[in-house]
Amino acid sequence: MIKDRYFKHYLIPNFGREKQELLKDFKVLVVGAGGLGSSAIIYLATNGVGKIGIVDFDNVDITNLHRQILYSPSDLGKLKVEVAKEKIKNLNLDVNVEIFNFKLNKKNYDILENYDFIIDATDNIESKLLINDICIEHKKPFSYAGVNRFFSSTTTIIPGKSSCLRCIFKKIKKEHKDFGVFGTVPGITGIIQATEAIKFRTGVGELLTDRFLFIDLLNMKFRISKVNPDKNCMCRKN
Amino acid sequence: MKVKINDELKEIAENSKIIDILEAEEIIEPVAVDVFVNGEKVNFEDYESFKLKEGDEIEIVYLFASG
């Protein structure tokens, strides 16, 4: 067997070369290139996802560096999407990268159409709900994740099949205070999002659908809660 | 009285309601929660009136907004 960068994948019986090949034409859009996005993007790239789209409007700031592992002190002030693209090229030349230097909104979200799976790595509730709603409308599978202090939660949503955020949460605070983020929390959570994307494409294992994973790194607890689709939710009316 | 919150046994005041539990968990600071008591989802409109009883198993699902 030829030893290339995916050799250890080929040795996994239910993954192998056949599943690896499926990733070559897999297109994943990562919305937000911050803490969640950094680790998700790095693992999507090293694992051979053929095309990665990155949406972010921000520049690298010194307060990003303890958790946003795509960036180094020499990147301060640079556009995140441009630094991320360069980083991916260094990691894996097989990956095609498309960057979007804007904030996703109701006027530009048609970029989602060109992707197979969306990763919500945004840092505010308005964007998370927007991604939920447009993914439901366009039937795009996606991974939600959010972090706070030592904690995070994540779930995978397959529109029309599994619970969306609006099925589960009926009263959501719109104001968003900065409570701080412990450096490793978005890293581990973004890796789970990348894992879900790869599992979706390859069909291996069980997706995190209709289940919410709560991660508590303060007490090192991982807890899965089962959640139920709401038959009256907007996601059922599409 | 003793109840279980996310699998952890906790002592809470008699006649506690769901809102009391959520306020006690404020260090987590979610933007939204989903609450189940003994496996049944509780509507958010009832968080202030739903009385908990000894032995209840409460499950709280958290939504966070940062990234």
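Every number here is computed from the coordinates shown, using simple stated rules; none is lab data. Since this is a predicted model, take the numbers as computed values, not measurements. Neighbour counts run over all protein chains shown; Cβ positions are idealised from the backbone, glycine included.
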Of all residues in the range A:205-238 being part of a loop (DSSP other than H, G, I, E, B) and either crowded, with 16+ Cβ neighbours inside 10 Å or in contact with a Leu (Cβ under 8 Å, 6 or more places away or on another chain) (or both), which is nearest to the other protein chains (Cβ to nearest Cβ)? A:Val227
Close pairs from the range B:41-54: first part of a loop (DSSP other than H, G, I, E, B), partner not hydrophobic (A, V, I, L, M, F, W, C), Cβ under 8 Å, at least 6 apart: B:Asn43/A:Lys170; B:Tyr47/B:Lys17; B:Glu48/B:Lys17; B:Ser49/B:Lys17; B:Phe50/B:Lys17; B:Leu52/B:Ser16; B:Leu52/B:Lys17; B:Glu54/B:Lys2
In the range A:193-204, is there at least one residue being touching a helix residue (DSSP H, G or I) at 6+ places or on another chain (Cβ under 8 Å), within 12 Å of another protein chain (Cβ to nearest Cβ) and not aliphatic (A, V, I, L, M)? yes
Which of (1) assigned to a loop (DSSP other than H, G, I, E, B); (2) surrounded by 13 or more Cβ atoms within 10 Å (Cβ to Cβ) is the odd one out, the single condition A:Lys177 does not satisfy? (2)
Tell me, which strands (runs of 3 or more DSSP E) wholly within the range A:86-171 include 1 or more residues that are more than 15 Å from the chain's Cα centre (by Cα) and either at positive phi or within 10 Å of chain B (Cβ to nearest Cβ) (or both)? A:142-148, A:151-157
Based on this model, can you work out whether A:Glu82 counts as assigned to a helix (DSSP H, G or I) and under 19 Å from the mean Cα position of the chain (by Cα)? yes
Taking the stated definitions as given, is B:Asp46 under 12 Å from the mean Cα position of the chain (by Cα), facing another protein chain (nearest Cβ under 8 Å) and within 25 Å of A:Cys164 (Cα to Cα)? no
Within the range A:180-238, can you find the residues that are charged (D, E, K, R) and within 16 Å of the chain's Cα centre (by Cα)? A:Glu196, A:Lys199, A:Arg201
Check whether at least one residue in the range A:187-204 is assigned to a loop (DSSP other than H, G, I, E, B) and β-branched (Val, Ile, Thr), and report yes or no. yes
Among the candidates B:Glu25, B:Glu11, B:Glu29, single out the residue that is away from every other protein chain (no Cβ under 14 Å) and of a type outside the set (A, V, I, L, M, F, W, C). B:Glu11
